[in-house]
Amino acid sequence: MKRVMAALMVVVMVVSLVGCGDKISAEVKNTMKEYESLCDEYCAAAKKAADGNSLEAASEILQIASKLGDLQEKVQKLSEKNLTDEEKDYITEVVDRCTKKVQDAMELLE
């Protein structure tokens with residue numbers, strides 16, 4: 001689970017390193033929607049693990065990890081573009097929301 005979490009954080013860092021422009025593109029919205037969806041899937045798997053369903057959770061984590069590779073490619077493409085201030089704000093909003101969700105999920109595993 002920690003590897004998936006680390007990979008999600010790498011995606012966040014790459015997205016946050018891109019430039020400037022003037023509105024939120026569909027590409028940014030779709031990429032961040034996919035990112036949040038993966039975070040939600042991860043949190044659901046963490047809850048299952050905390051509830052004692054380790055085998056099912058492990059299977060779901062493997063599926064998430066395979067999806068993460070595709071997301072990383074999309075984020076890499078975004079990193080080569082200039083982002084608007086609105087896009088940066090939107091990314092920050094989604095990342096903050098996801099970070100809170102993942103932190104809450106990790107607390108379940110302690």
- Query: Looking at 99, 84, which is the one that is open to solvent by less than 90 Å² (accessible area, probe 1.4 Å) and in contact with an Asp or Glu (Cβ under 6 Å, 6 or more places away or on another chain)?
  - Reply: 84
- Task: Mind listing whichever residues of region 15-27 are in a helix (DSSP H, G or I) and either open to solvent by less than 60 Å² (accessible area, probe 1.4 Å) or at pLDDT 95 or above (or both)?
- Result: 15
- Note on the structure: In region 27-41, residues that are of a type in the set (Ser, Thr, Tyr) and in contact with a Cys (Cβ under 9 Å, 6 or more places away or on another chain) total 1
- Output yes when any residue across region 45-52 is modelled with pLDDT under 90, farther than 14 Å from residue 106 by Cα, open to solvent by 70 Å² or more (accessible area, probe 1.4 Å) and not in a helix (DSSP H, G or I), and no when none is. no
- Message: Give me the residue from region 87-96 that is open to solvent by less than 90 Å² (accessible area, probe 1.4 Å) and of a type in the set (D, E, K, R) and, out of that set, nearest to residue 29 (Cα to Cα).
- Response: 87
- Query: Any residue in region 28-41 that is small (Gly, Ala, Ser), assigned to a helix (DSSP H, G or I) and modelled with pLDDT of 90 or more?
  - Reply: yes
- Message: Here is a check on your reading of the model: is residue 56 within 13 Å of residue 28 (Cα to Cα), of a type in the set (D, E, K, R) and in a helix (DSSP H, G or I)?
- Response: no
- Item | Contacts under 7 angstrom Cβ, first residue in region 70-87 being farther than 13 Å from residue 35 by Cβ, partner of a type in the set (Ser, Thr, Tyr), 6 or more apart | 87/25
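The values are calculated or read from the model by the stated rules, or taken from the named source; none is laboratory data. Just so it is clear, the model here is predicted, and its values are computed rather than measured. FYI the Cβ positions are ideal-geometry reconstructions off the backbone, even for glycines, and counts take in every protein chain you see. What goes into the accessible areas is simple: the full protein's heavy atoms, side chains included, and nothing from ligands, DNA or RNA. Shrake-Rupley method; radii C 1.70, N 1.55, O 1.52, S 1.80 Å.
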